[in-house]
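Colleague: Let me give you the structure first, and then I'll get to my questions.
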Amino acid sequence: ATGDTKVVQRGHGDGLYINTSGIGAIPDGVDIGPANAQPGDVILVSGTIGDHGIAIMSVREGLKFETQIRSDTAPLNGLVGAMIAAGTVHCLRDATRGGLAAVLNELAVASRVGIEFDERRVPVRPEVNAACEMLGLDPLHVANEGKLVAIVPADHAEAILAAMHGHEFGQQAAIIGNVLAEHPGLVTARTSIGGRRVVDVPAGELLPRNSSS
């Protein structure tokens, strides 16, 4: 697995950029891919969303909040290992640039399924939510660095969620929604007032993921 790539403006590439590569083995019987989601599956997120993007934005733009918002940067290999040991995982994706909304749309399109989640179940820190409200941002579109989204069979969801809760980087994991046969390729959210809305891929310039993007 290769590392990240960087795109910078002309004349701004004189800094230090470090990319990494990982080498590993896929255990027998494990088949994880973006096209594997099936109707009836359950969607999990490994913890609070938007922490990293708001933390980076606050530093870049010199914004001050009443409490310090810290990046969620974390290695996820151990968490993924615990999840795979606990049950079957159909899809895995890190919710980086474009945030949770981008990931769910990518998986819905790749698997040709519909996705519906409950906004009230998505974990968001109060200070991150407040910062997003102040800046006019949707937490679903804010970048993360140490969070993953998983789609798993419904009968494995509770065991996998328990394994996530037992890991230091999954203690705030939550089940947020389901995979549907209806409206393939479309992501919808149940809102706090009981309605539904379509959650699109973020438009325009994507919110910052790290200090060198």
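The values are calculated or read from the model by the stated rules, or taken from the named source; none is laboratory data. The model shown is predicted, which means the values in this text are computed figures rather than measured ones. In this analysis, Cβ positions are derived from the backbone assuming ideal geometry, glycine residues included, and neighbour counts consider all displayed protein chains. Accessible surface areas use protein heavy atoms only, side chains included; no ligands, DNA or RNA. Shrake-Rupley method; radii C 1.70, N 1.55, O 1.52, S 1.80 Å.
Colleague: Of Pro75, Pro27, which residue is in a loop (DSSP other than H, G, I, E, B), closer than 22 Å to Gly166 by Cα, of a type outside the set (Ser, Thr, Tyr) and within 17 Å of the chain's Cα centre (by Cα)?
Modeller: Values: Pro27 fails: within 17 Å of the chain's Cα centre (by Cα).
Just a single option satisfies the conditions, and that option is Pro75.
Colleague: I'd like the full set of residues that are more than 17 Å from Val199 (Cβ to Cβ) and more than 16 Å from the chain's Cα centre (by Cα), limited to region 124-135.
Modeller: Pro126, Glu127, Ala130, Ala131, Glu133, Met134, Leu135, listed by residue number.
Colleague: Determine whether Leu100 is over 22 Å from Glu133 (Cα atoms), among the hydrophobic types (A, V, I, L, M, F, W, C) and either touching a residue at least 60 places away in the same chain (Cβ under 8 Å) or buried (at least 22 other Cβ atoms within 10 Å of the Cβ) (or both).
Modeller: no
Colleague: Anything in region 1-31 that is open to solvent by 60 Å² or more (accessible area, probe 1.4 Å) and either within 15 Å of Cys91 (Cβ to Cβ) or small (Gly, Ala, Ser) (or both)? List them, or say none.
Modeller: Answer for region 1-31, where residues must be open to solvent by 60 Å² or more (accessible area, probe 1.4 Å) and either within 15 Å of Cys91 (Cβ to Cβ) or small (Gly, Ala, Ser) (or both): Ala1, Gly11, Ser21, Gly24, Ala25, Ile26, Gly29, Asp31.
Colleague: Given the structure, is Thr48 of a type outside the set (Lys, Arg), assigned to a loop (DSSP other than H, G, I, E, B), open to solvent by 20 Å² or more (accessible area, probe 1.4 Å) and touching a Lys or Arg at 6+ places or on another chain (Cβ under 6 Å)?
Modeller: no
Colleague: Moving on. Which residue pairs have Cβ atoms closer than 6 Å, lie 6 or more positions apart in sequence or on different chains, and pair a first residue in region 16-34 that is in contact (Cβ under 8 Å) with a residue 40 or more places away in the chain with a second residue that is of a type in the set (D, E, K, R)?
Modeller: Hits for this filter: Tyr17/Lys6.
Residue-wise test of (1) outside any helix (DSSP H, G or I); (2) at pLDDT 95 or above; (3) among the β-branched types (Val, Ile, Thr).
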site	(1), (2), (3)
Asn19	yes, no, no
Asn36	yes, yes, no
Pro39	yes, yes, no
Arg60	no, no, no
Ser71	yes, no, no
Arg97	yes, no, no
Phe117	yes, yes, no
Ala130	no, no, no
